[in-house]
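Asks: Next up is a structure, given as structure tokens.
The values are calculated or read from the model by the stated rules, or taken from the named source; none is laboratory data. Every value quoted in this text rests on a predicted model; they were computed, and no experiment measured them. Using ideal geometry, Cβ is built from the backbone for each residue, glycine included, and neighbour counts are taken over all protein chains shown. These accessible areas exclude ligands, DNA and RNA; they are computed on the full protein's heavy atoms, side chains included. Shrake-Rupley method; radii C 1.70, N 1.55, O 1.52, S 1.80 Å.
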Amino acid sequence: MSKKQVTFADIAAYTHFSKTTISRYFNHPDSLTLENQEKISQALDTLGYKKNKLAKVLANGKSEFIGIIIPNLYLHYYSEMLTQLLSSYSDYHYKFLIFSSEHEAEEEQQYIEELLSYQIEGLIVLSHTLSSKQLSSYQIPIVAIEREAEYISSVTTDNYMGALQATTLLIRDKCDILIHINVNVEKAVPAYDRIRAFKETCEEYQVPYDIDLSVSGNSYQEILNEIRRIFTRIEEKYPNQKKGIFLANDTYANMFLNLIFQKYRELPSFYEIIGFDNSPIASEAILPITTVGQQIDIIAQTAMELLVQQMEEQKKRSPKPLEKPVHKQITPILIRRNTTS
């Protein structure tokens with residue numbers, strides 16, 4: 001037979017404390033002496049008490065849940081970022097509710113309403129669907145990662161520096177034509193600086209360049225088809241030149257590298273490839289890919305620190321909300337591997 005669940009009344013009877021004192025032990029332990037805390041702790045072990053998380057949520061309205069809205073998981077950057085965020089449980093003991101949303105604002109709003117119904121204490125947003133002004137209207141702690149964030153706190157990579165490092169390396173390696181492959185990024189999005197830095201660096205060094213922002217698609221296969229089309233165009237347009245290819249992320253870089261191997265069975269000397277992110281696919285590729293490391297673990301850690309600070313402030317009797325959003329920028333690291341000289 002299953003054991004009867006131990007209640008506050010059982011603990012109170014065993015310790016000869018009041019139920020109010022037992023409640024204080026769980027909700028405000030610092031209000032009790034260390035001696036009384038130890039007595040109650042020992043009683044919990046003796047009685048075999050197990051925490052009733054649902055009861056705690058109903059009692060204080062704090063769910064210990066954080067919502068995450070992520071665009072997709074077929075781009076390796078997002079799957080690695082999600083892995084790093086989830087690993088923070090051991091540090092903060094918050095649990096996560098996750099939705100994938102990339103396209104419809106109405107759909108994302110429904111997701112947020114669903115998350116709020118679970119009484120989430122904070123929200124981490126990586127999708128670009130809703131503006132930061134819209135997100136700020138929900139009146140809960142929010143941190144954005146690598147997206148437009150004028151009205152909410154955020155963590156981003158120094159995208160300009162990262163693209164500058166990548167472009168400069170391709171110039172030093174004496175590529176005849178430098179090519180950047182990306183989606184048509186809006187200027188308000190931090191990743192736009194990858195395009196801007198590439199263009200400005202090429203112009204500063206007077207190096208021929210080509211920017212292709214035609215990548216699109218809602219799945220891995222659709223994007224691969226676009227990368228294949230771009231690869232064919234580059235092959236036809238620059239047949240006798242050393243081509244330095246800087247791609248927007250490691251997933252694109254791996255696709256491009258695979259297409260080269262399918263045609264040449266190797267990475268010929270007239271190609272150099274650099275990705276962006278340092279997601280696992282960069283080191284696991286058929287040939288390890290040179291990339292701009294975003295330090296995804298540090299970004300995730302910093303985002304959690306920012307969010308937890310805001311959530312803890314909300315729990316105070318007289319919380320003081322942030323006067324203005326906090327924006328953190330993480331320095332990228334160029335990681336040289338086998339796809340550059």
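Asks: Can you tell me which residue within the range 256-298, out of those that are in contact with a helix residue (DSSP H, G or I) (Cβ under 9 Å, 6 or more places away or on another chain) and within 19 Å of LYS237 (Cβ to Cβ), is most open to solvent (accessible area, probe 1.4 Å)?
Replies: LYS263
Asks: Take the residues in the range 187-236 that are of a type in the set (Gly, Ala, Ser) and not in a helix (DSSP H, G or I), then tell me which one is farthest from THR251 (Cα to Cα).
Replies: ALA188
Asks: Here's another thing I want to ask about it. Of all residues being of a type in the set (D, E, K, R) and part of a helix (DSSP H, G or I) in the range 303-341, which is surrounded by the most Cβ atoms within 10 Å (Cβ to Cβ)? Just the residue, please.
Replies: Top of the filtered list is GLU305.
Asks: For a quick check of your reading of the model, give me the residue pairs whose first member lies in the range 29-45 and is polar (S, T, N, Q), whose second is open to solvent by 100 Å² or more (accessible area, probe 1.4 Å), with beta-carbon atoms closer than 8 Å and at least 6 apart or on different chains.
Replies: none
Asks: Considering only residues that are of a type in the set (Val, Ile, Thr), assigned to a helix (DSSP H, G or I) and either farther than 14 Å from SER341 by Cβ or free of Cβ contacts under 8 Å to residues at least 24 places away in the same chain (or both), which ones fall in the range 161-186?
Replies: Hit for the range 161-186 is THR167, nothing else.
Asks: Which of the residues belonging to the range 84-134 are assigned to a loop (DSSP other than H, G, I, E, B), open to solvent by 70 Å² or more (accessible area, probe 1.4 Å) and free of Cβ contacts under 8 Å to residues at least 40 places away in the same chain?
Replies: Answer for the range 84-134, where residues must be assigned to a loop (DSSP other than H, G, I, E, B), open to solvent by 70 Å² or more (accessible area, probe 1.4 Å) and free of Cβ contacts under 8 Å to residues at least 40 places away in the same chain: HIS93, GLU104.
Asks: Tally the residues that are surrounded by 22 or more Cβ atoms within 10 Å (Cβ to Cβ) and hydrophobic (A, V, I, L, M, F, W, C), restricting the search to the range 135-188.
Replies: Residues meeting the conditions: 16.
Asks: Consider ILE195 carefully, then state whether it is closer than 30 Å to GLU313 by Cα, under 29 Å from the mean Cα position of the chain (by Cα), surrounded by 13 or more Cβ atoms within 10 Å (Cβ to Cβ) and modelled with pLDDT of 95 or more.
Replies: So ILE195 does not fit the description; no.
Asks: Taking GLU150, is it acidic (Asp, Glu), under 18 Å from the mean Cα position of the chain (by Cα) and in a helix (DSSP H, G or I)?
Replies: no
Asks: Can you name the residue in the range 286-322 that is in contact with a Gly (Cβ under 9 Å, 6 or more places away or on another chain) and of a type in the set (A, V, I, L, M) and, of all such residues, is nearest to LEU123 (Cα to Cα)?
Replies: Going through the qualifying residues, I end up with LEU307.
Asks: Does the range 198-218 hold any residues that are farther than 18 Å from ARG228 by Cβ and either open to solvent by less than 60 Å² (accessible area, probe 1.4 Å) or free of Cβ contacts under 8 Å to residues at least 12 places away in the same chain (or both), and which are they?
Replies: PHE198, GLU200, THR201, CYS202, GLU203, GLU204, GLN206, VAL207, ILE211
Asks: Is there a residue in the range 139-148 that is without any contact (Cβ under 8 Å) to a residue 24 or more places away in the chain and of a type in the set (D, E, K, R)?
Replies: Checked the range 139-148: no residue is without any contact (Cβ under 8 Å) to a residue 24 or more places away in the chain and of a type in the set (D, E, K, R).
Asks: OK, next. I'd like the residue in the range 1-22 that is free of Cβ contacts under 8 Å to residues at least 24 places away in the same chain and part of a helix (DSSP H, G or I) and, out of all such residues, is surrounded by the most Cβ atoms within 10 Å (Cβ to Cβ).
Replies: Our first condition is that a residue be free of Cβ contacts under 8 Å to residues at least 24 places away in the same chain; within the range 1-22, this holds for 1-2, 4, 7-9, 12-13, 16-22.
Now restrict to residues that are part of a helix (DSSP H, G or I): 8-9, 12-13, 19-22.
Values: PHE8: 19, ALA9: 10, ALA12: 18, ALA13: 14, LYS19: 13, THR20: 10, THR21: 17, ILE22: 23.
Per the stated criteria, the residue is ILE22.
Asks: Going through the range 151-163 one residue at a time, which ones are closer than 22 Å to LEU116 by Cα and not aromatic (Phe, Trp, Tyr)?
Replies: Within the range 151-163, ILE152, SER153, SER154 meet the criteria.
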